[in-house]
Amino acid sequence: MRKIFVIGIGAGDPEHVTVQAINRLNEVDVFFVLTKGSEKQDLVRLRQEILERYVKEPAYRVVEARDPDRDRTPANYETAVTDWHRLRTDVYERMIRDELADGQRGAFLVWGDPALYDSTITLVDAVLARKNVEFGYDVIPGVSSLSVLAAQHRTAFNRIGKPVQITTGRRLAEGFPADADDVLVMLDANNTFTKFPDMDVFWGAYLGTPDEILVSGKVSDVADEIVTRRAEARERKGWIMDTYLLRRT
């Protein structure tokens, strides 16, 4: 039967790739890559760099497919994501069915950790649920962008005896969680941290890559710098991946 590996490859530094991940990379016949347009080709190149560095006998194939576009300003966010996932499931099913022979092993290389704000596991399960193609799969954890963020700022997610919460910019815009003092925020395109001027922020973009940017301090002191540097970086590269820790002082 076909076998799929969902492999976390870290936040951007090839040295984030774990020994377990390297061992699985060397068992793969076909690597599946969803491309996101010319502005994100450096993400494809980083995947290729990882394969060239760690795969000892490069007899693998790389199969690329265009990632379906998603409505970024939907009237209903959940409906838009559901529709996008359906289109992505179609792509995943087609690649596994048409590009992976019985007995072969395929892999999806996932940024950060597959368990944290990534849809790959959900999509693989959706393909299995359709029952049009049979395969087994394993998940290999990776170093998350949040782990890199904390390490680069030399801080921890939480303080002694205190809870920590992971959320999105969309949810943070509804208000800072009442029962948490330390909140890790992902997928925030609107600089929502600026709504909390009295808190501390630890922000990072392109973590683990040569383009990495780090800013920290009281929000009222560093908000303008973060907003400016974020906009400049996104304009320069055509995309941005960033995250931050927001902390009550």
(request) Hey, can you tell me all the residues within the range 115-145 that are of a type in the set (Lys, Arg) and part of a helix (DSSP H, G or I)? (result) Arg130
(message) Here is a list: Arg94, Arg154. Which entry is basic (Lys, Arg) and assigned to a helix (DSSP H, G or I)?
(response) Arg94
(message) Residue under question is Asp125, and the condition is that it be exposed (fewer than 14 other Cβ atoms within 10 Å of the Cβ), assigned by TED's automatic domain parsing to the domain that holds Asp102 and of a type outside the set (Lys, Arg); does it hold?
(response) yes
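Starting from residues that are among the small types (Gly, Ala, Ser) and farther than 13 Å from Ile226 by Cα, keep the ones in the range 171-189 and report whichever is surrounded by the most Cβ atoms within 10 Å (Cβ to Cβ). Steps first, please.
Let us first name the residues in the range 171-189 that are among the small types (Gly, Ala, Ser), namely 173, 175, 178, 180, 189.
Next, from what is left, pick out any that are farther than 13 Å from Ile226 by Cα: 173, 175, 178, 180.
Details: Ala173: 11, Gly175: 9, Ala178: 5, Ala180: 18.
Checked the range 171-189; the qualifying residue surrounded by the most Cβ atoms within 10 Å (Cβ to Cβ) is Ala180.
Please verify whether Glu57 is among the acidic types (Asp, Glu) and modelled with pLDDT under 95, treating the condition exactly as stated.
Numbers: among the acidic types (Asp, Glu): yes; modelled with pLDDT under 95: yes.
Taking the combined requirement at face value, the residue satisfies it.
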(request) Have a look at Ala189, Ala101, Ala129, Ala150 and point out the one that is over 26 Å from Ile50 (Cβ atoms) and modelled with pLDDT of 95 or more. (result) Ala129
(request) Name, by its number, the condition in (1) surrounded by 13 or more Cβ atoms within 10 Å (Cβ to Cβ); (2) farther than 30 Å from Leu245 by Cα that does not hold for Val143. (result) (2)
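When the residues of the range 97-109 are filtered to those that are more than 16 Å from Thr35 (Cα to Cα) and outside any loop (DSSP other than H, G, I, E, B), which remaining residue is nearest to the chain's Cα centre (by Cα)? I'd like the intermediate steps shown before the answer.
To start, the set of residues in the range 97-109 that are more than 16 Å from Thr35 (Cα to Cα) comprises 97-106.
Keeping just the survivors that are outside any loop (DSSP other than H, G, I, E, B) gives 97-99, 105-106.
On the way: Arg97: 25, Asp98: 26, Glu99: 24, Arg105: 23, Gly106: 20 Å.
Looking at the filtered set, the residue picked out is Gly106.
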(request) With respect to Arg159, determine if the residue is touching a strand residue (DSSP E or B) at 6+ places or on another chain (Cβ under 7 Å) and part of a loop (DSSP other than H, G, I, E, B). (result) yes
(message) Quick check on this structure: which one of Ala180, Ala231 is without any contact (Cβ under 8 Å) to a residue 40 or more places away in the chain, in the same structural domain as Val164 (by TED's automatic domain parsing), assigned to a helix (DSSP H, G or I) and out of contact with any Phe, Trp or Tyr (no Cβ under 7 Å at 6 or more places or on another chain)?
(response) Ala231
(request) Name every residue in the range 1-55 that is within 25 Å of Leu87 (Cα to Cα), buried (at least 16 other Cβ atoms within 10 Å of the Cβ) and small (Gly, Ala, Ser), in order of residue number. (result) Gly8
(request) Check Gly208 against each of (1) assigned to a helix (DSSP H, G or I); (2) buried (at least 16 other Cβ atoms within 10 Å of the Cβ); (3) small (Gly, Ala, Ser) and name the one condition it does not meet. (result) (1)
(message) Conditions first: (1) over 30 Å from Arg236 (Cα atoms); (2) over 19 Å from the mean Cα position of the chain (by Cα). Ala75 passes all but one, so which condition is the exception?
(response) (1)
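Only one residue in Thr168, Thr155, Thr228, Thr192 is surrounded by 18 or more Cβ atoms within 10 Å (Cβ to Cβ) and not acidic (Asp, Glu). Which one?
On the way: Thr168 fails: surrounded by 18 or more Cβ atoms within 10 Å (Cβ to Cβ); Thr155 fails: surrounded by 18 or more Cβ atoms within 10 Å (Cβ to Cβ); Thr228 fails: surrounded by 18 or more Cβ atoms within 10 Å (Cβ to Cβ).
After ruling out the rest, the residue left standing is Thr192.
The values are calculated or read from the model by the stated rules, or taken from the named source; none is laboratory data. Treat the numbers as computed from the prediction; the structure is a model and nothing was measured. Heads up, the Cβs are rebuilt from the backbone with ideal geometry, glycines too, and the neighbour counts pull from every protein chain shown.
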